[in-house]
Structures are given as C-alpha cells and as structure tokens.
Amino acid sequence: MTERRRILLVKPILPYPPDQGTRVVSTAILDALADSYDVTVLARILSEGERRHVAALEARGIRVVTVFPANRRSRAARVGFRLAYTLHSLFTGRSMKSLYDCPGAFVSAARALASEPFDLVILEYWQLAPLLRVFGAGRTVLLTHDIDLLVNAQRALLETGLMARAAATRRVRTERGEEVRAYRAANNVWALTTRDADAVRILSRGRARVSVLPFGLDEARFAGEPAPRTSREVLFVGAMGAAFNRDALSYFAHDIHPLLASIEGIRFTVVGGALPASLEFFGALRHVDVPGHTADVTPYLDRCACLVVPLRYGGGLRIRILEALARGVPVVASPVAIDGMGLEAGRHLLVAGTPGEYRSHIERIVSDPSFAFSLSREGRAFVHARYGPQARGEGIRNAVAALLQPAST
C-alpha cells in the first residue's frame, strides 16, 4: 500500500467553522485534501470554547495541534500583552499583526512539528513568514488572502480623524516591509485573485513561483433553482470587526441610503454583528433591521431583493458575493469589491462607483424583477463554472499536486 503524503496547514486562527471569508477558504482546502492526504492543522485558539471546533475537525480524521496564547487567557493578560506588544513594535519596528499572529509560543509549536516528514506546508498569511525558516521554503507555500500593503494604503487615504490617520499611516509603514520580505523569502505563493497574484509577482521581484489557488463553493450553495424576486429588501453582509466592512457600511448609511429612502417599500438588513457606535443611528431607523452575527446567511440571501457591497477599499476574494450569486441573488458592488474575480459588470452583476449609481441600480432591481432575474441567472452560471464544486475539489488538489512534483519535472 502506498503511504499517503502529508500536508500541514498553518493558520493564525482555527480554520473552522466556515463562518467568515478566510475560514471558508481554509475549509475548502481541508475538504479537498482530507480524503487524499494525511492532513495536520496547526492553529491558535482564541478561547476555550473553540475546542469544540477542534473536535469537529478531528472527527473528520484531521490531526489538530493548537496553541492557546497567553495573551488571550484573561482580560488582564490582553491588556498587558497589548502594552508589551505596542512597546515592542515601537522599539523594533515589528508590526502588531505579526506579533499577535506569530508569537513565540506559536513558533515553538511549529519547530516541534518541523522534524516530521511533511511533503507540503501551507502557511496562511504573510505574517507567518518567520516559519519559512522553520519548515524550509522549499516545501512551503505562502497563501495570501489579500495584499495588505495595498489595502492599508487605501485605508490611510480614507481615514479622516487625526489619530485614525496617524495609526493607519504607521500601519502602512510597519507592515509593508514585512509583507514584501515575506513574498521575497517564499519559493511558492498562492493568491486568491489574478490581481493579487500579479501584485505578488511584482513585489517578489519574480523570485516567488506565484499562482492563483482555485476556490469553489460546495454544491449545496447552488441548491434549488432561482426564481424572480418580489422583495424590496436590500442586504448588507459583513463582519463589523473588519475595518473595511465598517467603512463600507458607513459609506452606505451616510451617502447611499439617503438617496434610496424615497423608494417605496425599500427595507435594509445588516448582517455581521453589532453596529459600531458611530452607526447606531442607522440601526435605529424604522426600516432597518440589524439581526447581528449569524453562522448561516442563507435565509437572508433567499428573501432579499439584492446584496449591496459598497467597499471603498479591500482585497482578496469576496466570498459573500460568490455566495449571493450562487443563490441567484442580484448583486450591486463597487469596482474594488470585484477586482480580480473575473465578474463582468452589467452581465453577472451591477457595478456602482457613486451613490447615484447605487440608487439607479438598486431601484432598477427592485422595480424590474425580470431584469433582476436575468442578471441573477448569468451571475449564478458564471460562479458555478469558475467558483463551483470542481474548483473546490479538483482545482485545489491539482494546485497541491503541482507543488508536490519534483523540481525537475
């Protein structure tokens, strides 16, 4: 019997459950590989409650090694480590992101695993680049979910408060060098979009072997046949812990919503957690519903008229757009939100660059069900072909197989 090859997936957070974008990608990787390879996961857990998710992965035959960092074990520890990391960052120039996501205990756990004969090590995020030295760049691929230096630069331009802009500018300065060095130190890099892959090729000066990792939704996401929608509910989905989602909702609430409010019967639902204090006024409006965080957005996708994604900055793959299109939901998004995904404006979804364009597109969708239905069918067909089950399974396995081939082939 041929011995199965061994793969190690390393992620700063537990890659399960698939309740946010990066975990959805990680789960797709595990789904594609678990039956064909011996898979081990190394991850931090951020609370004792996450151990139940560890058990769920282990029940699938996936070995899980966890690190519960000291900075997460109590409120006092969080405050103390925050202060210590801030001083460390100020004196050494190391970014807060790498200090939190790749602490000493995590590096020690990686060193303990490095002696095992893994055929491939997948490191998620550039801030795990110190582990390239632990495992060796030759058997490692760095998976970048987006290009943070580009996202950070966009964010810095949009910040208005003096303190917020200063913090954003420092983030650009401290993280940029680390991220660029990570791409140049890696032999292999996976990106999730063509735009990000092109950026890594430039930033790495051609040193890294860069490819786009196929990603796909499972067949269950395409269940049922889409039908014309009569709803007038506009849906926003985004975790409020992410700065780009908070900015997008603020832009929607202040600049887009006032233009939409006069459309008869229009309603708005915001899914993704509690609103920040600066947006509590929006949640208090009579025709706005904020149900908070939910593990499954499918019921909201099935009842809404359209999904709105007014991102002003961001990167990577917008999983929420793919999930909406797979369910036959018309989408109105910004150019930033779909960059590098291959979606065609006017055919697969509608793209808006100004508040007036959002008003025009959303009004047409809620007023013309036949047009909205035609748009949703085209979007669904595209997503199934490019981001469907074949990409999720065969596509990911092929990407792994390409890295496992001997260098001479």
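Some notes on this structure:
- If you plug the beta carbon distance of Ala76 and Ser370 into 1/(1 + (r/R0)^6) with R0 = 56 Å, you get a FRET efficiency near 0.40.
- Accessible surface, the range 38-122, averaged per residue in Å² (probe 1.4 Å): 51 Å²
- Between Thr193, Ala277, Ile263, the Cα set farthest toward the positive side of the dipole of the range 182-292 (charges on each charged residue's Cβ, about the Cα centre) is that of Thr193.
- Unit charges on C-beta of K, R, D, E only; dipole of the chain, Debye: 1280 debye
- A Förster radius of 56 Å, combined with the Cβ-Cβ distance separating Arg377 from Thr169, puts the computed FRET efficiency at roughly 0.80.
- Local net charge near Ala191, Cβ-Cβ under 11 Å (Lys/Arg +1, Asp/Glu -1): -1
- Between the range 1-30 and the range 301-331, the alpha-carbon center distance in angstrom: 24 Å
- When peptides 148-156, 87-95 are sorted by average Cβ neighbour count within 10 Å, with the highest value leading, the order is 148-156, 87-95.
- Sorted largest first, the principal axis extents computed over the alpha-carbon atoms of the range 219-373 equal 39, 35, 28 Å.
- Whole-number percent relative contact order across the chain, with pairs defined as alpha carbons under 8 Å at least 6 apart: 15 percent
- Inverse of mean 1/r across different Cα pairs in the range 1-97, Kirkwood, Å: 15.2 Å
- Note on Ala34 and Arg133: their simple-model spin labels are 3.5 nm apart, each label 7 Å out from Cα toward Cβ.
- Placing unit charges on each Cβ (+1 for Lys and Arg, -1 for Asp and Glu) gives the chain a dipole about its Cα centre, and among Ile122, Ala59, His145 the Cα reaching farthest toward its positive end belongs to Ile122.
- Based on the Stokes-Einstein relation at 25 °C and a viscosity of 0.890 mPa s, and on the Kirkwood radius from alpha carbon pairs, the range 285-334 is assigned a translational diffusion coefficient of 201 µm²/s.
- On full extension, the segment bounded by Ala295 and Ala385 gains 29.8 nm, given 0.36 nm per residue less the C-alpha separation.
- Of Thr193, Thr174, Thr160, the one that fluctuates the most in a GNM where the chain has Cα springs shorter than 10 Å: Thr160
- Tensor-based shape of the range 329-399 (alpha-carbon gyration tensor, a/c under 1.5 rounded, otherwise prolate or oblate): oblate
- For the range 75-212: rounded, prolate or oblate by the Cα gyration tensor [a/c cutoff 1.5]: oblate
- Average Cα contact separation per residue, the range 211-332, under 8 Å, 6 or more apart, as relative contact order %: 34 percent
- Of Ile29, Ile202, Ile321, the one that fluctuates the most in a GNM where the chain has Cα springs shorter than 10 Å: Ile202
- Under-5 Å amide H pairs with Leu9, H placed in peptide plane, nonlocal only: Thr40, Val41, Leu42, Ile122
- Taken along its three principal axes, the alpha carbon spread of the range 115-166 comes to 51, 16, 12 Å, from the longest extent down to the shortest.
- For the Cα trace of the range 170-297, dividing Rg by the Kirkwood Rh returns an Rg/Rh value of 1.10.
- Relative counts (whole %) of C-alpha pair distances in the range 80-149, using bins that are 5 Å wide: 3, 15, 24, 22, 17, 11, 6, 2
- Between Pro310, Pro18, Pro276, the GNM of the chain built on Cα springs shorter than 10 angstrom shows Pro276 fluctuating the most.
- Cα-Cα separations in the chain greater than 36 Å, expressed as whole percent: 27 percent
The values are calculated or read from the model by the stated rules, or taken from the named source; none is laboratory data. These numbers were taken from a predicted model, which means no experiment stands behind them. Heads up, the Cβs are rebuilt from the backbone with ideal geometry, glycines too, and the neighbour counts pull from every protein chain shown. What goes into the accessible areas is simple: the full protein's heavy atoms, side chains included, and nothing from ligands, DNA or RNA. Shrake-Rupley method; radii C 1.70, N 1.55, O 1.52, S 1.80 Å.
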